[in-house]
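Below: the structure, in structure tokens.
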Amino acid sequence: MAKLHYRPYNPNQIILFPQRIDEDIAGNDPVRIISAIIDQLDLSKFHKLYHGIGRCAYHPRMMLKVIVYAYMNNIYSCRKIEKLLHRDIHFIWLSGCEKPDFITINRFRNRVKEEISDIFTQIVLLLSAKGFVSLDVEYVDGTKIESKANKYTFVWRKTVERNRTRLLEKIKILLEQVDEAIAQDKCNVDEKVEFTPTQLSEISAELNAALSSLPATTNKEEKKRRKGLQKTSKELERHSRKLSEYNQHLDTLGERNSYSKTDKDATFMRMKEDAMNNGQTKPGYNLQIGTEEQFITDFALFPNPTDTLTYIPFMESFKNRYGAFPSTEIADSGYGAEENYRFMEERGIEAFVKYNRFHIEQRPRYVQDPFRSENFYYNEKEDYCVCPMGQHMNRIGQKRGKTASGYISVRHRYQARNCNGCPLRSLCFKAAGNRIIERNHRLEEYKRQAFSLLTSDEGLKQRGRRCIEPEAVFGQMKFDMAYRRFRHFGKDKVTMDFAFFAIAFNLKKMIAKMNLGGLKHNLDCFKFNFYLTECLCGHLRVFDNQKQRKLAA
């Protein structure tokens, strides 16, 4: 049998001249690109968060690299990042052999929760300068993501208001039992008033003072009356605390219908991920994103379960980031409201935005219902409508409606002259008297414009593109990167966490597109010249295509 030979094996071998850490990292490894990109970012806002005294802090650029690279690899736990800083050569190289613990990592994230949005903006401007996105087109969509809060920590507005009303009735009955000399200065129990916890506490204190000043007595009736007043005083104090709790609930709710006790910024919503299939509501946030070429160009979190009222503040967020609105907007029917159409029209935005019945109208067998009020013929010049029987319906007034955002819409009312004996009455309407309809002419005009745009060649292209833009991003986010639930309490921390994720997502997507296009990873291409540095530091909008091509070349 031949003699066996093995390479020397000594785990405790001492190396006189240590090797470089990055010798085992490939030259085109994504970790090198991440390091090169973050090295060129402007972190001046981060430096303002540190003090010049005390122990030297970990460099914020190193911390940012480690966290972003962890998010790129679906690692969102600070404890797991801490372990990787001891085990994974990529993390060891990124950190320069520094080993911050999980508390330090979490504190860094919380420290930069307001400044991290600026880093996200710089990354998107980099993508724009490199030609990955133009920032002239935005595909908007939203999804609900569950909060970290427990689903049984709900507070409902209707329940609070109902219990508060019952409590006020109890308080009124109790005050009737209090000596009039004490209660009359505070409130009149015969009138409808809103008691405050402070008033109740003062009444209870004065009642206790009055009881303590009474002389001792052996009369059973007097003793019974005194015990009753003492009990009333305790109940008033207890009701005062409960009323204060209800008032605090209403202040926290604001315009919402619910919130979570442990995450007061989270609102209870119905989620698509419903394991029990019973429509159970869970605390969460409505995440709105804008995408282009499957890159996240903007994001924002809202407490609204629906998308209609989120569009205008979301567009303002885009302008605050990049200095101007996109020239083209593509969105689904959840955003097809009058105030949104008007917002885009006034700002010159080409709106490929569906309205609520657009999908129904596109069905092959769709036939217009002649008895729907919006299908009645309208004579704009003489301002009257014509019913299916050919009867003129004259205008009798208008109705103003106000949305939750404060937008006022006007609906004109028209009434038929005589519907008695009409052979189509049973098909037209069932109410007594002559039919009255309401028409919102401005919204109808917006819908006609939207229909014209959506059915054009460009509209067909954009509609097809929308299905693979934000929807694909949500799929990659939830299933490929396992980002299905927030891991923090409070809107500010949740926004911070998603900002880190959006940065990691865009960088990961950029590297994937470079690999797909067969481009060589060249670190020199990420050394920004003065023009790009001015773009990033000043947050100026650089959208000139010719300059982008020159810069990319």
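Values as computed for the structure displayed
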quantity	calculated
Meets criteria (of a type in the set (Ser, Thr, Tyr), modelled with pLDDT of 90 or more and touching a Phe, Trp or Tyr at 6+ places or on another chain (Cβ under 6 Å)) for Thr143	yes
Residue match in segment 11-28 (condition: touching a helix residue (DSSP H, G or I) at 6+ places or on another chain (Cβ under 6 Å), closer than 24 Å to Lys130 by Cα and either open to solvent by less than 100 Å² (accessible area, probe 1.4 Å) or β-branched (Val, Ile, Thr) (or both))	no
From Phe132, Phe120, Phe102, residue being open to solvent by 20 Å² or more (accessible area, probe 1.4 Å), touching a helix residue (DSSP H, G or I) at 6+ places or on another chain (Cβ under 8 Å), under 23 Å from Tyr50 (Cα atoms) and of a type in the set (Phe, Trp, Tyr)	Phe102
Some residue of segment 436-447 being among the acidic types (Asp, Glu), closer than 18 Å to Lys272 by Cβ and in a helix (DSSP H, G or I)	no
Segment 44-91, residues that are assigned to a loop (DSSP other than H, G, I, E, B), touching a helix residue (DSSP H, G or I) at 6+ places or on another chain (Cβ under 8 Å), surrounded by fewer than 17 Cβ atoms within 10 Å (Cβ to Cβ) and of a type in the set (A, V, I, L, M)	Leu49
Considering residues of segment 410-454 that are in contact with a Pro (Cβ under 9 Å, 6 or more places away or on another chain) and surrounded by fewer than 15 Cβ atoms within 10 Å (Cβ to Cβ) only, the residue farthest from Tyr355 (Cα to Cα)	Leu424
Residues satisfying the stated conditions in segment 286-306, i.e. touching a Phe, Trp or Tyr at 6+ places or on another chain (Cβ under 7 Å), open to solvent by less than 30 Å² (accessible area, probe 1.4 Å) and either part of a loop (DSSP other than H, G, I, E, B) or over 24 Å from Asn356 (Cβ atoms) (or both)	Glu292, Phe295, Ile296, Asp298, Phe299, Leu301
Sole residue being of a type outside the set (A, V, I, L, M) and within 23 Å of Gln476 (Cβ to Cβ), chosen from Asn73, Asn10, Asn106, Asn110	Asn73
Boolean, Ala331 is of a type in the set (A, V, I, L, M) and open to solvent by 20 Å² or more (accessible area, probe 1.4 Å)	no
Looking only at segment 359-397, and only at residues there that are more than 18 Å from Asn434 (Cα to Cα) and of a type in the set (Asp, Glu), the one that is least open to solvent (accessible area, probe 1.4 Å)	Asp383
Filter result for Met269 (crowded, with 16+ Cβ neighbours inside 10 Å, at pLDDT 85 or above and not in a strand (DSSP E or B))	no
Scope segment 472-508; condition polar (S, T, N, Q) and touching a strand residue (DSSP E or B) at 6+ places or on another chain (Cβ under 6 Å); matching residues	Thr495, Asn506
Complete set of residues in segment 101-150 that are over 30 Å from Arg270 (Cβ atoms) and among the small types (Gly, Ala, Ser)	Ser128, Ala129, Gly131, Ser134
Among the candidates Asp457, Asp497, Asp480, residue that is acidic (Asp, Glu), loosely packed, with under 15 Cβ neighbours inside 10 Å and under 24 Å from Leu64 (Cα atoms)	Asp480
Flag for Leu43 being farther than 18 Å from Lys508 by Cα and at pLDDT 90 or above	yes
Inter-residue pairs, beta-carbon under 6 Å, first free of Cβ contacts under 8 Å to residues at least 12 places away in the same chain and in segment 242-266, second buried (at least 18 other Cβ atoms within 10 Å of the Cβ), 6+ apart	none
Set His90, His59, His51: member being free of Cβ contacts under 8 Å to residues at least 40 places away in the same chain and within 20 Å of Ile503 (Cβ to Cβ)	His59
When residues of segment 381-405 are limited to those that are over 30 Å from Ile312 (Cα atoms) and in a loop (DSSP other than H, G, I, E, B), the one nearest to the chain's Cα centre (by Cα)	Asp383
Residue list for segment 466-481, filter: of a type in the set (Asp, Glu) and either within 20 Å of Tyr335 (Cβ to Cβ) or touching a helix residue (DSSP H, G or I) at 6+ places or on another chain (Cβ under 7 Å) (or both)	Glu469, Glu471
Tally, over segment 336-358, of residues that are open to solvent by 60 Å² or more (accessible area, probe 1.4 Å) and among the small types (Gly, Ala, Ser)	1
Checklist (1) open to solvent by 40 Å² or more (accessible area, probe 1.4 Å); (2) within 23 Å of Glu346 (Cα to Cα) applied to Phe314, failing item	(1)
Checking Val66 against (1) touching a Lys or Arg at 6+ places or on another chain (Cβ under 6 Å); (2) at pLDDT 95 or above, the condition it does not meet	(1)
Lone unmet requirement of (1) under 21 Å from Asp480 (Cβ atoms); (2) open to solvent by 10 Å² or more (accessible area, probe 1.4 Å); (3) in contact with a Ser or Thr (Cβ under 6 Å, 6 or more places away or on another chain) for Val137	(1)
Verdict on Asn320 being surrounded by 20 or more Cβ atoms within 10 Å (Cβ to Cβ) and among the polar types (S, T, N, Q)	no
Among (1) free of Cβ contacts under 8 Å to residues at least 12 places away in the same chain; (2) in contact with a helix residue (DSSP H, G or I) (Cβ under 9 Å, 6 or more places away or on another chain) - the single one Glu316 does not satisfy	(2)
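So that you can scan it fast, the table gives a plain yes or no per residue for (1) β-branched (Val, Ile, Thr); (2) part of a helix (DSSP H, G or I); (3) modelled with pLDDT under 65:
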| residue | (1), (2), (3) |
| --- | --- |
| Lys148 | no, no, no |
| Lys158 | no, yes, no |
| Ile171 | yes, yes, no |
| Glu191 | no, no, yes |
| Leu200 | no, yes, no |
| Lys224 | no, yes, no |
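The values are calculated or read from the model by the stated rules, or taken from the named source; none is laboratory data. Since we're looking at a predicted model, the values are computed, not measured. Positions of Cβ are generated from backbone atoms using ideal geometry, with glycine treated the same way; all protein chains shown enter the neighbour counts. The accessibility values were calculated without ligands, DNA or RNA, using every heavy atom of the protein model including side chains. Shrake-Rupley method; radii C 1.70, N 1.55, O 1.52, S 1.80 Å.
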